[in-house]
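Note sheet for the following structure.
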Amino acid sequence: MRQYDLERQIRNLLPVKILKRAHDEVENALNARLVMRTDVVAHDDDYTVTAELPGFDKDAITVKYHDNVLTISANQSHEEAARNDDERIVHRERTANTLTRQFRIQGIIKDQIQAHYQDGLLTVTLPKKVSDDAGRIEIQ
């Protein structure tokens, strides 16, 4: 049994698999930055994150905030259309897409985060925590 596990681990370390995995990770990172163009703007009371996600359904977008990290994920799949027997795909660029972006944003009131999606734009508003010194009055 141990011999099998060792052989399987060695096969998973083959250079081709390592290069394929690295290629996929780099491609996903580049696609996310090129396709999901994002702005993060700091205001006095909150941060606003705006991400371009044209062509995605609202239900296919996930927004999470955990451990001071905002994660935006979007999944898009192009289902196979019913084809006749005499049709065949010659070239395909529209494939399943998964985009993920993460931003470290600290000092947020987690239960007041709001997200809105309209016309291909996702807008996430993250209210800032009030600092302890905010209520303090300066003595002159």
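The values are calculated or read from the model by the stated rules, or taken from the named source; none is laboratory data. Remember, predicted model here, so these are calculated numbers, not experimental data. Note: ideal-geometry Cβ built from the backbone for every residue, glycine included; neighbour counts use all protein chains shown.
Structural remarks
- The stretch 114-140, residues that are at pLDDT 80 or above, assigned to a loop (DSSP other than H, G, I, E, B) and surrounded by fewer than 10 Cβ atoms within 10 Å (Cβ to Cβ): D119
- In summary, strands (runs of 3 or more DSSP E) completely within the stretch 53-113 and bearing 2 or more residues that are modelled with pLDDT under 85 occur at 97-104.
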